[in-house]
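Quick notes on the structure that follows.
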Amino acid sequence: MGACRGVRAQGRPPGGGPAGDGSPPGGANPPPRHRPRAPPPPGPPLADLQAFAVELRRMNGEINRMTHGFAASQQLHPTDVSALAAILDAPAPLTPGALREHLGLTSGAVTACLDRLERAGHVRRARESTDRRVVHVYYEASARTAARDYFMPLAEATARARARFSETELATVLRFLSAMNEELGEVPTARR
């Protein structure tokens, strides 16, 4: 047993102060109590954040399940389908460098991905007419049919879910999803 264990401060009764009443040692008066600070403004309860996280993960998982199924049906890798989605959603034709940046892949991995997609007839690469060094990637119109057919159940599910909400609510949901995409776009990813 340690030498200090169970030993009271010499000359002081239990309770700290000279009278044993819990007052500070040395007979000093306790400092005046300050009013408690106002609590910080309420943020979203942790449960709300957890609920959002769960539902976003569930949706992501369901979309991934469909994406993996499409990849298998087309004999592609899931990353190839992510590349197709990026090419389809881009406001202008992407360069391989922009696609690499978007997907967070190496140059070699993007080249291999585009090679597979081009062999499968999903995309074509074309050199820019004004600058022959610039290559743009285009989604082939014929490949859109296969994607449209496969993902029709997703479009139908989206239409059914949309029907449950008012236009005002849908506008809010769309604003939220856009804000989430902006925020997630700012989160740095680990580089290999």
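The values are calculated or read from the model by the stated rules, or taken from the named source; none is laboratory data. Please read all numbers here as calculations on a predicted model, not as lab measurements. For neighbour counting, all protein chains shown are included, and Cβ atoms are generated from backbone atoms with ideal geometry for every residue, glycine included. To get the accessible areas, we keep the full protein, side chains included, count just its heavy atoms, and leave off ligands, DNA and RNA. Shrake-Rupley method; radii C 1.70, N 1.55, O 1.52, S 1.80 Å.
Observations, loosely collected:
- Boolean, residue 123 is closer than 18 Å to residue 77 by Cα and aliphatic (A, V, I, L, M): yes
- Failed condition for residue 129, given (1) open to solvent by 90 Å² or more (accessible area, probe 1.4 Å); (2) closer than 26 Å to residue 184 by Cβ: (2)
- Residues satisfying the stated conditions in the range 161-192, i.e. at pLDDT 95 or above and either under 25 Å from residue 107 (Cα atoms) or exposed (fewer than 10 other Cβ atoms within 10 Å of the Cβ) (or both): 163, 164, 166, 167, 168
- Single residue of 168, 106 found to be more than 19 Å from residue 74 (Cα to Cα) and in contact (Cβ under 8 Å) with a residue 60 or more places away in the chain: 106
- Reported count of residues in the range 45-79, each being open to solvent by less than 80 Å² (accessible area, probe 1.4 Å) and either without any contact (Cβ under 8 Å) to a residue 40 or more places away in the chain or not in a helix (DSSP H, G or I) (or both), is 15.
- Of all residues making up the range 86-108, the number that are touching a Leu at 6+ places or on another chain (Cβ under 9 Å) and under 23 Å from residue 186 (Cβ atoms): 6
- Among (1) of a type outside the set (A, V, I, L, M, F, W, C); (2) farther than 21 Å from residue 106 by Cα; (3) assigned to a helix (DSSP H, G or I), the one test that residue 82 misses: (2)
- For the range 85-98, the count of residues that are in contact with a strand residue (DSSP E or B) (Cβ under 7 Å, 6 or more places away or on another chain) and open to solvent by 50 Å² or more (accessible area, probe 1.4 Å) is nonzero.
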